[in-house]
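Engineer: The structure under discussion is supplied below as structure tokens; questions concerning it will follow.
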Amino acid sequence: MADYDRRNNGHRGGGGGRKRRYRDDEDYDRRPQRRRYEEPLFVQIRRQLLTIAESAARRVEDDVVSIAKTVAENYEDEELRNTMINISLDLVLEQPMKIPFVAAVALFAYKNKPELGTELINKTATILQKNIESGSWREVKLLVRFLGCLQPLFVGNGIFPLLEEFFARAVDLQTTSSEDLLGLELVKIILLTIPYIMSSPATGFETLASSLLEKTEIIASTPHNLVDLVKTFGEKEDETTSGASFISVLQNQLQGEASNQWELKCLSRPWRDARQSDSEDQQPFEVVTKIAFPEIKVPSPVPFGPRALFPEVFLSVYANQEVDTVPPISDITSSLLRDAMVDTLNNLDFNRVATAKYLIDVDCYYTRDTFVKRATPFDRMRDMAGENKAWKPEDVAVDAVFSQLFQLPTPEHKLVYYHSVLTECCKIAPAAIAPSLGRAIRFLYNSLETMDLELSSRFLDWFAHHLSNFGFTWKWSEWVDDLELSAVHPRLAFINGALDKEIRLSFAQRIKGTLPEPYLPLITEDKEKDTPDFKYSSEATPYAKQGQELMQLIRKKATDDELQPVLAAIEEQAQGQGVEEPKIPSTDALVTSICFVGSKSLSHVLSCIERNKDRLLAIGAASEKARLQIITSVMEYWADQPGIAINIVDKLLNYTIISPLSVLEWALTEHVDAGAILAKSHIYEMVFATVGKVTNRMRQIVAARSQKTLYEPQLSVLEETLNRERTEMQNLFKFIEDSLVPVASGSNDELMERGDGSGESPEHAMLRQWGRRWLRVFRRKALVEEAFIAAALLNATPVGTQAPAGEETADTAADGDIAIPDAGANADVDVDA
Amino acid sequence: MSTLAINTVDRLDRPSAYYVGKNKRRSRYNDDDEPEREDPMAKLKDATTLYVGNLSFYTTEEQIHELFSKCGEIKRLVMGLDRFNKTPCGFCFVEYYTHQDALDCLKYIGGTKLDERIIRTDLDPGFEEGRQYGRGKSGGQVRDEYREEYDPGRGGYGRAYDEQRQREEEQYGEGR
């Protein structure tokens, strides 16, 4: 960690060569040098601005005034001026919780030196204009918020005409299409600007704000037809935890605030207590000469941005507690905190340590009464319940991260980013964060039956990964009763899945040591074996002799010709015994032998596969049943370590030895077991990954097809590839649909035969529920992918377009071949198997 | 992401000081003969490989795969081996298909735990045959030669020290 920290902070010579491997590195050998010069002013201001409001020990109002004063007094110092302006805008875009403070600096800078304030406003306007044109709506929101905070500097109605213009565009978009989401985004920007205007020193805008709110109501409160798709809970109507769209919640909260004289009690007003000098009495903030609001052009129609838009729902993992620890959905505080925290989280993905710090420091950036003291225990919150409403900062922070981890269809960054932020939060403030996480875990665990399956799978993955960072400690004892449940119950399925994931990140014996006694039977002796038994070692296994022979040959890296007689012998014997498809036992022997010989490590099995690739490819091509047998053999050999099994299946897909459809067939028809297989987390993982492989490839083809400088003949070639792959993808989704509908509706044959035949046992209900949950995930996936393709092709060059003379064409392979992940390279380093 | 060139906090997806320092040192020696040497940072511009360090000797490929595939599909995984014993010696190279996946790995996985050890990740210009072996005198990594602390996950004490201690112990017996 030491060298890691050093890199983060950029400290030089800190440890003085503490680490030996750096000893020969001059940079680190130098002793720390005493600073021998006065720190330049701009460095001072830079630091003061960057850390504004971060310290509870300093009055932020004093810093606001002093920064503004220093820069105004040294107006001719260009470097200082630019530093102040650039850092201000950087903070606005990267650390939105600090916007009110940066805005206060700007207000005083303008008051002291109007030229300085004007320069900052103009630069803001330039950047805003660029972001509007590129459709970067989050950046637009933040820059507009900043300008909203500066409302008292503007003549007339200031920022309101710009908001009205956004609204007009939103109306246009909404009238054109009921599916529109961009219009909703614009309304969200308007709604999230209003509170900051109203908490600025500007007065007399209540009527304008209210009339704008009246207009947005119709758009904000009409539910979008995609909201159902992204709800956290598929099966229950529970508006308090999740279900209401973020924008409709916000609209209601603002209307409440409007009738409450815009109290907006969580928002800081750092200009209010700012005094220019000690002797000065406190006065309302006013400027003598106002300026015109900068001219901003909003194109019509407004452009789509790089991020795909989906409706957002408001999720809290702390809803429905006996004592509220986070602001309720009726309180504007919930949306204002959530919005600023989520933007901070998503903007700062390049430094999770800083992100975690800012989230934990949330109480620095809002009014003092918003939060209770840090690390206040939950029980203490219960005692205080009657007193003034204040929230638990740790819960608010954790809630914000979970809202992104559980964002549907996909969050902005990789899931592991949100894992890492929670890990850092726990590292920074273990005593404060751990209990909050504990309550979140309990809420999620108790919601497993109704939660969207994709989200419960994300929960599982996070849970195991998180524990792996903290010594695998969890109070398993509290779930002991659930061990009695049916194996297909979502809770027991979760426990099994979580333990399996933990083992994958560690090893069985270690995980066993972290569990209370009642759990031990879940980790069988076979799970502790590094190398599963080779079934052909037992003479009782059919074809034992040939199986052993085959294994020896593979171990000796025999050629294909040497394997052939043994395989033929198996097939012959099978035929003699009347086996319908003799290729099945021979394939089983081959693949099981490969798994056994390659059991030492992933690279061992990969080089084994690589060496027998041609034969495996031929099997897959020759017989559908044999292709499914390849998967069966892998899954059976590694039955006790399913992580390895699905990893090998994934590589077999890359080698095209098996096809995505064969994986789905294997799981959803051959082995569906009346739906019981749907409760297995590794099966979901395998199917999800397989579908992901197909859709990723599709997206790459779409990206290639929609390149701007693409002309004939490549256009037609790519178009053809695209259409072919698109049909294949659709077939895949159709196959999933057709296989799952019978399970979900209870008309699956096997399902009907289970139990007493009535189909009405609790287990039946659970299996149908698994079917519905799976369906929901893959129907959504199908819709999202189709929407992506449609949006991307909207602006693609039409087929038949010839290159204009003299222009260079895009560098695309004419055969439409796209580089997709394949495992070929895996075998580059051939480990001696 | 910010539309401005600077960030308000440091980025975790930069090459480490170790890489930068190592190349600076080299360029100093080489300056005279090779005035037009290419910028070492340019080699990392599209890098898809990471060096992963501070692994336990007992951490398996599967464990590494399980963690690192959270940042994207892994193209190749090369375990670092003891030059003489051909056993894992606590490092590896992970190659992704895309540069972005490698950067994300620096940001989200470097400095977190695998097998209950904090691991180190560094952007790497790419694996070359031979680099999978430890360069220490005894066959492992150099850092394990002189380590004074006992590290059960990495073969106990530093090997050079271990040898010295054993020698001393033997000599102590002889002296009597």
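Engineer: Among the residues of the stretch A:536-559, what is the count of those that are assigned to a helix (DSSP H, G or I) and surrounded by fewer than 17 Cβ atoms within 10 Å (Cβ to Cβ)?
Structural biologist: Restricting attention to the stretch A:536-559, the residues satisfying the condition of being assigned to a helix (DSSP H, G or I) are A:536-537, A:544-555.
In the following step, the residues that additionally are surrounded by fewer than 17 Cβ atoms within 10 Å (Cβ to Cβ) were identified as A:537, A:544-545, A:552, A:555.
Looking only at that region, the number is 5.
Engineer: Collect the residues in the stretch A:423-444 that are crowded, with 20+ Cβ neighbours inside 10 Å, in contact (Cβ under 8 Å) with a residue 40 or more places away in the chain and under 16 Å from A:S316 (Cβ atoms), keeping them in residue-number order.
Structural biologist: A:S436, A:A440, A:L444
Engineer: Which residues, counting only those in the stretch A:150-165, are farther than 17 Å from A:L116 by Cα and of a type in the set (S, T, N, Q)?
Structural biologist: Just the residues of the stretch A:150-165 that are farther than 17 Å from A:L116 by Cα, to begin with: A:155-165.
Across the stretch A:150-165, the qualifying residue is only A:N157.
Engineer: Now, a different point. Name, by its number, the condition in (1) in contact (Cβ under 8 Å) with a residue 40 or more places away in the chain; (2) in contact with a His (Cβ under 9 Å, 6 or more places away or on another chain) that does not hold for A:L668.
Structural biologist: Going through the list (1) in contact (Cβ under 8 Å) with a residue 40 or more places away in the chain; (2) in contact with a His (Cβ under 9 Å, 6 or more places away or on another chain), A:L668 breaks only (2).
Engineer: So, one more: Looking only at the stretch A:423-447, filter to residues that are more than 13 Å from every other protein chain (Cβ to nearest Cβ) and touching a strand residue (DSSP E or B) at 6+ places or on another chain (Cβ under 9 Å); which one of those is farthest from A:I360 (Cα to Cα)?
Structural biologist: The residue in question is A:S447.
Engineer: May I ask you to list the residues in the stretch B:39-64 that are facing chain A (nearest Cβ under 9 Å), hydroxyl-bearing (S, T, Y) and open to solvent by less than 40 Å² (accessible area, probe 1.4 Å)?
Structural biologist: none
Engineer: Checking A:S420 against (1) within 14 Å of chain B (Cβ to nearest Cβ); (2) outside any helix (DSSP H, G or I), which test does it fail?
Structural biologist: Condition not satisfied by A:S420: (2).
Engineer: Let me ask something else. Looking at the stretch B:109-126, is at least one residue open to solvent by 10 Å² or more (accessible area, probe 1.4 Å) and farther than 25 Å from A:E424 by Cβ?
Structural biologist: yes
Engineer: So, of the residues in the stretch B:65-105 that are open to solvent by less than 10 Å² (accessible area, probe 1.4 Å), part of a helix (DSSP H, G or I) and out of contact with any Lys or Arg (no Cβ under 8 Å at 6 or more places or on another chain), which turns out to be nearest to the other protein chains (Cβ to nearest Cβ)?
Structural biologist: Among those that are open to solvent by less than 10 Å² (accessible area, probe 1.4 Å), part of a helix (DSSP H, G or I) and out of contact with any Lys or Arg (no Cβ under 8 Å at 6 or more places or on another chain), it is B:L67.
Engineer: Tell me whether the stretch A:175-183 contains one or more residues that are modelled with pLDDT of 95 or more and open to solvent by 50 Å² or more (accessible area, probe 1.4 Å).
Structural biologist: No, the stretch A:175-183 has no match at all.
Engineer: Let me ask you something else. Based on this model, can you work out whether A:R780 counts as modelled with pLDDT of 90 or more and open to solvent by 50 Å² or more (accessible area, probe 1.4 Å)?
Structural biologist: no
For (1) more than 20 Å from A:A440 (Cα to Cα); (2) buried (at least 18 other Cβ atoms within 10 Å of the Cβ), each residue gets a yes or a no:
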| site | (1), (2) |
| --- | --- |
| A:F304 | yes, no |
| A:F310 | yes, yes |
| A:V317 | no, yes |
| A:Q321 | no, no |
| A:V326 | no, yes |
| A:R338 | no, yes |
| A:V342 | no, yes |
| A:L348 | yes, yes |
| A:R368 | yes, no |
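Engineer: Taking only pairs six or more apart or across chains, which ones have beta-carbon atoms under 7 Å, a first residue in the stretch A:620-638 that is more than 23 Å from A:D500 (Cα to Cα), and a second residue that is buried (at least 22 other Cβ atoms within 10 Å of the Cβ) and acidic (D, E)?
Structural biologist: A:Q629/A:D588
Engineer: Out of the stretch A:49-70, which residues are open to solvent by 30 Å² or more (accessible area, probe 1.4 Å) and not in a helix (DSSP H, G or I)?
Structural biologist: Residues satisfying the conditions are A:T51, A:E54, A:S55, A:A56, A:A57, A:R58, A:R59.
Engineer: Let me ask something additional. Scanning for something surrounded by fewer than 19 Cβ atoms within 10 Å (Cβ to Cβ) and at pLDDT 95 or above, does the stretch A:497-505 turn up at least one residue?
Structural biologist: No, the stretch A:497-505 has no match at all.
For (1) part of a helix (DSSP H, G or I); (2) under 30 Å from B:E66 (Cα atoms), each residue gets a yes or a no:
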| residue | (1), (2) |
| --- | --- |
| A:L563 | yes, no |
| A:A568 | yes, no |
| A:G578 | no, no |
| A:E581 | no, no |
| A:D588 | yes, yes |
| A:C608 | yes, yes |
| A:I630 | yes, yes |
| A:A639 | no, yes |
| A:L653 | yes, yes |
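Engineer: Quick check: is even one residue across the stretch B:155-163 in contact with a strand residue (DSSP E or B) (Cβ under 6 Å, 6 or more places away or on another chain), touching a residue at least 24 places away in the same chain (Cβ under 8 Å) and open to solvent by less than 100 Å² (accessible area, probe 1.4 Å)? Walk me through it before giving the result.
Structural biologist: Within the stretch B:155-163, the first condition is being in contact with a strand residue (DSSP E or B) (Cβ under 6 Å, 6 or more places away or on another chain), and the residues that meet it are none.
No: the stretch B:155-163 contains no residue that is in contact with a strand residue (DSSP E or B) (Cβ under 6 Å, 6 or more places away or on another chain), touching a residue at least 24 places away in the same chain (Cβ under 8 Å) and open to solvent by less than 100 Å² (accessible area, probe 1.4 Å).
Each row is one residue, and each column tells you yes or no for (1) charged (D, E, K, R); (2) over 20 Å from the mean Cα position of the chain (by Cα); (3) surrounded by fewer than 21 Cβ atoms within 10 Å (Cβ to Cβ).
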{"position": "A:T355", "(1), (2), (3)": "no, no, no"}
{"position": "A:P377", "(1), (2), (3)": "no, yes, yes"}
{"position": "A:E394", "(1), (2), (3)": "yes, yes, no"}
{"position": "A:V398", "(1), (2), (3)": "no, no, no"}
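Engineer: Which condition from (1) at positive phi; (2) surrounded by fewer than 23 Cβ atoms within 10 Å (Cβ to Cβ) is the one that A:L628 breaks?
Structural biologist: Unmet for A:L628, out of (1) at positive phi; (2) surrounded by fewer than 23 Cβ atoms within 10 Å (Cβ to Cβ): (1).
Engineer: When A:T450 is evaluated against the numbered criteria (1) surrounded by 18 or more Cβ atoms within 10 Å (Cβ to Cβ); (2) in contact with a strand residue (DSSP E or B) (Cβ under 7 Å, 6 or more places away or on another chain), which criterion, by number, is the only one it fails?
Structural biologist: Exception for A:T450: condition (1).
Engineer: Out of all the residues in the stretch B:108-149, which are within 11 Å of chain A (Cβ to nearest Cβ), hydroxyl-bearing (S, T, Y) and touching a Gly at 6+ places or on another chain (Cβ under 8 Å)?
Structural biologist: Once the filter is applied, which keeps residues that are within 11 Å of chain A (Cβ to nearest Cβ), hydroxyl-bearing (S, T, Y) and touching a Gly at 6+ places or on another chain (Cβ under 8 Å), the stretch B:108-149 yields B:T121, B:Y146.
The values are calculated or read from the model by the stated rules, or taken from the named source; none is laboratory data. Not measured: the values here are computed from a predicted model. For neighbour counting, all protein chains shown are included, and Cβ atoms are generated from backbone atoms with ideal geometry for every residue, glycine included. In case anyone asks, the SASA skips ligands and DNA or RNA and just uses the protein heavy atoms, side chains included. Shrake-Rupley method; radii C 1.70, N 1.55, O 1.52, S 1.80 Å.
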